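Remarks on the structure that follows.
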Amino acid sequence: MRGALHRQMRQCGKAGCRCAAGDLHGPYMYVSVRTGARRRLLYVPTHAVDAVRRRIKATGRIDAALAEISAINLELLARGELA
Ligand SMILES: [Zn+2]
C-alpha cells in the first residue's frame with residue numbers, strides 16, 4: 001500500500017456540540033493516497049490501522065530494494081558491463 005498514515009481531530013458540524021468550542025472529536029486515522037496529481041484521505045478504522053501500517057512499511061522496503069537494483073544497473077551500464 002502506497003500512502004502515509006495521518007492522525008486527525010475533527011469537527012462534526014452539529015450546532016451546540018463540544019467540538020464547536022474547540023473540543024474536537026478523535027483522533028481518527030487516515031491514509032493519504034495519491035492518484036495521479038490528486039491526493040485524498042481515506043478513513044482507516046481502528047481495527048485496520050496495524051494492517052495499513054504493515055503494508056505501507058512493506059511498500060517502503062520494496063521501493064528501497066528497487067532503487068538499489070536500479071542504482072546497480074546504472075553502475076553496470078556506466079562501466080560497460082551491462083549485457
Ligand atoms: Zn462535534
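Can you give the extra length, in nm with one decimal, that the chain gains between Arg61 and Ala78 once fully stretched, where that is 0.36 nm per residue apart less the Cα-Cα distance?
Gain on extension, Arg61 to Ala78, equals 3.5 nm.
Compute the Rg/Rh shape ratio of segment 38-83: radius of gyration over Kirkwood radius, all on alpha-carbon atoms.
On the way: Rg = 17.5 Å, Rh = 13.4 Å.
Radius of gyration over Kirkwood radius for segment 38-83 works out to 1.31.
Compute, for the chain, the length of the dipole vector about the Cα centre, with Cβ point charges of +1 (Lys, Arg) and -1 (Asp, Glu) only. Units Debye, rounded to 20. Please report the intermediate quantities before stating the final value.
Working: 15 positive and 6 negative charges, 109 e Å.
It works out to roughly 520 debye.
So what does log10 I(q)/I(0) come out to for segment 1-70 at q = 0.27 Å⁻¹, using the Debye formula with one equal point on every Cα and no solvent?
-1.11
Tell me, what ³J(HN,Hα) does each residue in segment 54-68 have, in order and in whole Hz, if you take phi through Karplus 6.51 cos²θ - 1.76 cosθ + 1.60 with θ = phi - 60° and put x for Gly and Pro?
Running phi through 6.51 cos²θ - 1.76 cosθ + 1.60 with θ = phi - 60° gives 4, 5, 5, 5, 4, 5, x, 5, 5, 4, 5, 5, 5, 5, 5 Hz.
Where a number appears in this text, it was derived from the coordinates with a stated rule and is not lab data. This is a predicted model, so every value here is computed, not measured. Because the Cβ atoms are built from the backbone with ideal geometry, glycine has one as well, and the counts that use them run over all protein chains shown.
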